[in-house]
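Before any comments, here is the structure.
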Amino acid sequence: MICAFPGNETFAAGLRAELGIEMLDLEWRRFPDGESYLRFAQDFRHRDLALVCSLNDPDTKTLALLFAARTARELGAARIGLVAPYLGYMRQDRRFKDGEAITSVHFAALISSAFDWLVTVDPHLHRRASLGEIYAIPSATAAAAPALAQWIGENVAKPLIVGPDSESEQWAAGVAAACGAPHVVMSKTRLGDRRVEIQSPSLAQWKDRTPVLIDDIISSARTMALAARRIAEQGLEAPVCVGVHATFSPDALDALRQAGVARVVTTNTVTHETNAINLSALVARSIESIRAREAV
Ligand code: R5P
């Protein structure tokens, strides 16, 4: 059975259509003091459950999600999986300054304590090779690159794929290979949550192409906005921005508009007005693969 956390109904419905499985309703409301009330509406004893909850803005959802998983286990669910199309808390993956919390590790421990398996899309793996380094439960990760490449192939005539920083190379290179386009990667130094510096290689030989900026996460959008300015400085046409996870802060879209980008497109791992690439079929295949692998 599949159970959508509030806000994930559309993605969960896409999964249900792909997998042909039953939906389980979950009531989640807040008491006046802000605590959560949770209730599963149907019986699911001895059944396998997949809870669908994209983990953008994770501090508002995680406690309720853990309560739901623990309740499902108490009420007799067989195995309980988490489908988090966007997996939060992956970016603080080391102690950059003395005393900092390495939240990716603590978050992974909490999720691993409550679920039997995890499916996500393109987790932000920078200094780690796989989710298995921090998650104690089996996981499957769906790669968005082929879907991004397909969208670009259908919507941009002569693309130049541009990664705004070295971390984005894994997506930029994969997308470029899949759509038969050249790619370049810029170099970024992060100075603060909303302050970055970006250097671009020469783009002179690509002036006849449409730049397509690719990144895994668009958060404050300062990375994409500055990369777009670097492109404009070199006289190329305004870029199309393609992001996997639309974790947009409230002013992010404005920052991109002010930088003069031509279009902003994201996948539906986080619900946002820029969503144009539906990954529910891809995630459904990952759910099938992890269930086959775990023989559940
Ligand atoms: C960074 O490591 C990621 O790949 C993205 O480049 C970053 O999360 C984007 O953040 P922002 O939109 O706040 O510049």
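Do any chymotrypsin sites (Phe, Trp or Tyr not before Pro) in the range 6-102 lie in a loop, going by DSSP, with at most 13 other beta-carbon atoms within 10 Å of their beta carbon, and if so which?
Here the chymotrypsin sites (Phe, Trp or Tyr not before Pro) that fit, given the DSSP loop and packing criteria, are PHE96.
Give me the net charge for the shell around GLU167: Cβ to Cβ below 9 angstrom, other residues only, Lys and Arg +1, Asp and Glu -1.
Charge balance in the 9 Å sphere: -3.
Between the DSSP loop rule and a limit of at most 16 other Cβ atoms within 10 Å, which GluC sites (Glu not before Pro) in the range 228-296 are left?
GLU237, GLU273, GLU294
Which of the listed residues, ALA225, GLN199, THR120, is farthest toward the dipole's positive end in the chain, when Lys, Arg count +1 and Asp, Glu count -1 at the beta-carbon?
In the chain, that residue is GLN199.
Assigning unit charges at the beta carbon (Lys, Arg +1; Asp, Glu -1) and nothing else, what dipole magnitude in debye, to the nearest 20, does the range 25-178 show about its Cα centre?
The calculated dipole for the range 25-178 is roughly 200 debye.
Sort the range 81-166 into rounded, prolate or oblate with this rule: let a ≥ b ≥ c be the square roots of the eigenvalues of the Cα gyration tensor; rounded if a/c is under 1.5, and if a/c is not under 1.5, prolate when a/b is larger than b/c, oblate otherwise.
The shape class here is oblate.
Relative contact order, percent, of the chain when contacts are C-alpha pairs under 8 Å separated by at least 6 residues?
Result for the chain is 14 percent.
P(r) of the range 224-296 in 5 Å steps, Cα pairs, percent per bin?
Per 5 Å bin, starting at 0, the Cα pair percentages come out as 3, 15, 20, 17, 12, 11, 8, 6, 4, 3, 1, 0.
What does the charge count around ASP48 come to, taking other residues whose C-beta lies under 13 Å from its C-beta (Lys +1, Arg +1, Asp -1, Glu -1)?
+1
Ignoring ligands, DNA and RNA, please state the percent of accessible area on the range 155-220 from carbon and sulfur, probe 1.4 Å.
C and S atoms contribute 44 percent here.
Provide the per residue accessible area, probe 1.4 Å, for the chain, rounded to a whole number of square angstrom.
For the chain, the per-residue accessible area is 45 Å².
Find which of ALA12, VAL212, GLY81 sits farthest along the positive direction of the dipole of the chain, computed with +1 on the beta-carbon of Lys and Arg, -1 on that of Asp and Glu, about the Cα centre.
Of the candidates, VAL212 comes out farthest on the positive side.
Where the centroid of each part is defined by its Cα atoms, how far is the range 80-114 from the range 127-154 in Å?
Here the answer is 16 Å between Cα centres.
Can you tell me the convex hull volume per residue for the range 1-134, based on C-alpha atoms, in Å³ to the nearest whole number?
Dividing the Cα hull volume of the range 1-134 by its residue count gives 119 Å³.
Work the Kirkwood hydrodynamic radius out for the range 151-296: mean of 1/r over every pair of different alpha-carbon atoms, inverted, in Å.
15.8 Å
Just name one of ILE152, THR271, VAL52: the one whose Cα is farthest towards the positive end of the charge dipole of the chain (beta-carbon charges, Lys/Arg +1, Asp/Glu -1).
ILE152
Count the DSSP beta bridges whose two residues both fall in the chain, then state the antiparallel fraction as a percent rounded to the nearest 5.
DSSP beta bridges in the chain are roughly 20 percent antiparallel.
Using a 1.4 angstrom probe on heavy atoms only, work out the carbon and sulfur share of the accessible area of the range 83-130 in %.
50 percent
What whole-number value in cubic angstrom gives the convex hull volume per residue for the C-alpha atoms of the chain?
Hull volume over Cα atoms, normalised by residue count, gives 137 Å³.
Just need the relative contact order of the range 76-182 here, percent rounded to a whole number, with Cα pairs under 8 Å and 6+ apart.
23 percent
Under a point-charge model restricted to the Cβ atoms of Lys and Arg (+1) and Asp and Glu (-1), what is the dipole moment magnitude of the range 157-284 relative to its Cα centre, in debye to the nearest 20?
Dipole magnitude for the range 157-284 comes out near 240 debye.
Taking LYS188 as the anchor, which lysines have their alpha carbon closer than 29 Å to its alpha carbon, excluding any fewer than eight residues away along the same chain?
Those lysines meeting the cut-off are LYS97, LYS158, LYS207.
Within straight cross-link reach of LYS61, meaning Cα distance under 12 Å, which aspartates and glutamates are found once same-chain residues fewer than 8 apart are removed?
By straight Cα distance, LYS61 reaches GLU35.
Helix 145-155 sits at what angle to the longest principal axis of the chain, using alpha carbons and giving 0 to 90 degrees rounded to 10?
50 degrees
Determine the dipole magnitude for the chain: charges of +1 sit on the beta-carbon of Lys and Arg, -1 on that of Asp and Glu, nothing else is charged, the reference point is the Cα centre, and the result goes in debye to the nearest 20.
380 debye
Taking only Cα atoms, what is the 0 to 90° angle, nearest 10, from helix 103-114's long axis to the longest principal axis of the chain?
30 degrees
The values are calculated or read from the model by the stated rules, or taken from the named source; none is laboratory data. Every value quoted in this text rests on a predicted model; they were computed, and no experiment measured them. Glycine gets a Cβ as well: all are built from the backbone with ideal geometry, and neighbour counts include every protein chain shown. We work out accessible area using only protein heavy atoms, side chains counted, and drop any ligands, DNA or RNA first. Shrake-Rupley method; radii C 1.70, N 1.55, O 1.52, S 1.80 Å.
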